[in-house]
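A.B. asks: Just passing along the structure, written as structure tokens.
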Amino acid sequence: MDDSPIKFELIHIDRYTGARRGRIVTKHGTIETPVFMPVGTNATVKTLTNSLLNDINTEIILANAFHLYLRPGLEVLEHFQGLHNFMNWEKPILTDSGGFQVFSLPNTRLTDEKVIFKSPLDGSQIELTPEKSLDIQKVIGSDIAMVLDVCINSLSGYDAVKDSVQKTFNWALRSKRYHNSNGQALFGIVQGGLFEDLRNLSLSQITSLDFDGYALGGLAVGEKYQDSEKILKAFGNKLPENKPRYIMGIGSPTMMFLSVENGLDMFDCVLPTRMGRHGTALTWKGKLNLKSSEVKFDQKPIDEKCDCYTCKNHSRGYIHHLFKKDEVLGKILLSIHNLRFNISLVEKMREAIENDEFKFFKDEFFSSSTYSLT
Ligand code: PRF
Ligand code: ZN
């Protein structure tokens, strides 16, 4: 019997690649895959209102257990009966466990049982265990929770990565035992860095546990494209076929094509919003710097092919002016556009997969733009 709190339906696999067209049904709504998830670390997708997120067809957002635990804290989240209510977001939410964020802090210590770190707020010592991360994610009330994993530096040596794989498995076991689903799905995370035998080990360990979905972690953490490509090609399609597959922290067009081609369904990344706040637009022809004086008199929209609010209402020259004056509207307009770009990219991928044209779509995308294929 399938008692998973989410339902995954595999609709079609592209005839010529591993690209999958799927659907995830949650109690807060349905997610078509491949899907791009905007990042709302602090209970807000930076600069955007919920209605703007809905306008660009956002289907699910990602939030962060670590950040929300620090602020506003569990008392507030409990008082508001979870994050959906707190931020008035009605669609699905996925929460990251905090592992990745904690490991990017200085002075983080790792034991077999837990990870110990200094609060970036007041320097006090905080401990995170797999169980505590799940408790936090339960209070947040996300539709999909992630297990606490050990994501170490991509330049780490074999023994350190091996140790992180073992801890990640022990913690996944503890998480699986502890988690009381009650409507919340739980995804496992495969680690193993760039070592194929350790990836293999981690994959068989994590997939031996019955999670509602599986993620590839530890990629896009500073390694070369060819290294992530090698891992994705070898392991993307080894993840269980009947569950959603999520690659954590990727969102460039290049990495999304590579991931979808190798059978991944879900992605998240701060890239579109972060680039937007810094004045760079993603377009179907490539990146466009709106701070450049080249667009000062440009009356065209950012992208003639884009259907977003920004492109329907404003010129490049106007947005250039907003950035020159550091007006907040510039950041809002570019965040809308860049997120819409990523979301319409996955929408077009879905259509291409349904028609067995994924390869054709990919070739066309890269031959008509300056994005690098690698
Ligand atoms: N683990 C977790 N979150 C993550 C990652 C990971 O490895 C990454 C790596 N790209 C991003 N976010 N828990
Ligand atoms: Zn646009």
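A.B. asks: With every atom except the alpha carbons ignored, what do you get for Rg and Dmax of the stretch 1-153, in angstroms?
C.D. replies: Cα only, the stretch 1-153: 17.0, 54 Å (Rg, Dmax).
A.B. asks: Given a 10 angstrom Cα cut-off, can you work out which residue in TYR225, TYR69, TYR246 is the most mobile in a GNM of the chain?
C.D. replies: Judging by the Gaussian network model, the answer is TYR225.
A.B. asks: Moving on to the next point. Rank these for me by crowding, MET146, MET87, MET255, going from fewest to most other beta carbons within 10 Å.
C.D. replies: The order, fewest Cβ neighbours first, is MET87, MET255, MET146.
A.B. asks: Right, something else. I need to check one value: relative contact order of the stretch 242-374, counting alpha carbon pairs closer than 8 Å and at least 6 residues apart, in percent.
C.D. replies: This gives 25 percent for the stretch 242-374.
A.B. asks: Among ASN242, ILE353, PRO130, flag the residue with its Cα farthest along the positive direction of the charge dipole of the chain, charges on Cβ as +1 for Lys/Arg and -1 for Asp/Glu.
C.D. replies: The Cα lying farthest towards the positive end belongs to ILE353.
A.B. asks: A further question follows. Could you tell me how many degrees, from 0 to 90 and to the nearest 10, lie between the Cα long axis of helix 158-178 and the main elongation axis, the longest principal axis, of the Cα atoms of the chain?
C.D. replies: For helix 158-178, the angle is close to 80 degrees.
A.B. asks: Excluding residues on the same chain fewer than 8 positions from LYS162, give the aspartates and glutamates whose Cα lies under 12 Å from its Cα.
C.D. replies: Here the aspartates and glutamates satisfying the reach criterion relative to LYS162 are GLU196, ASP197.
A.B. asks: Moving to a separate point now. Give the relative contact order (percent, whole number) for the stretch 1-141; include only Cα pairs under 8 Å separated by 6+ residues.
C.D. replies: Taking the mean separation of contacting Cα pairs over the length of the stretch 1-141, I get 18 percent.
A.B. asks: When every alpha-carbon pair in the stretch 79-178 is counted, what percent end up more than 18 Å apart?
C.D. replies: In whole percent, the long-distance tail amounts to 52.
A.B. asks: Next question, about the same structure. Can you compute the radius of gyration and Dmax for the stretch 331-374, using only the Cα atoms, both in Å?
C.D. replies: Cα-based Rg and Dmax for the stretch 331-374 come out at 12.2, 37 Å.
A.B. asks: Further, regarding this structure: Given springs between every Cα pair under 10 Å in a Gaussian network model of the chain, which of ALA43, ALA160, ALA63 has the largest fluctuation?
C.D. replies: ALA160
A.B. asks: Over the chain, with a Gaussian network built from C-alpha contacts below 10 Å, which listed residue (PRO34, PRO253, PRO106) shows the highest mean-square fluctuation?
C.D. replies: Checking each option, the largest mean-square fluctuation is seen for PRO106.
A.B. asks: OK, next. List the lysines whose Cα lies under 16 Å from the Cα of LYS233, skipping any in the same chain that are fewer than 8 positions away.
C.D. replies: Candidates past the 8-residue exclusion: LYS224, LYS359.
A.B. asks: Can you give me the Kirkwood hydrodynamic radius for the stretch 269-374, using every pair of distinct Cα atoms, in Å to one decimal?
C.D. replies: Answer for the stretch 269-374: a Kirkwood hydrodynamic radius of 14.2 Å.
A.B. asks: Still on this model: Given a cut-off of 33 Å, what percent of all Cα-Cα pairs of the chain lie beyond it?
C.D. replies: 29
A.B. asks: Expressed as a rounded percentage, what relative contact order does the chain have, with Cα pairs under 8 Å and six or more residues apart?
C.D. replies: 18
A.B. asks: With θ taken as phi - 60° and the coefficients 6.51, -1.76 and 1.60, list the Karplus ³J(HN,Hα) couplings across the stretch 119-136 in order, rounded to whole Hz; mark glycine and proline as x.
C.D. replies: 4, x, 7, 9, x, 5, 7, 10, 10, 10, 10, x, 5, 5, 4, 5, 4, 4
Here, each number is a calculation from the coordinates, and none is a lab measurement. Predicted model, so just to flag it, every value in this text is computed and none were measured. Cβ coordinates were reconstructed from backbone atoms using ideal geometry, including for glycine residues, and neighbour counts include every protein chain displayed.
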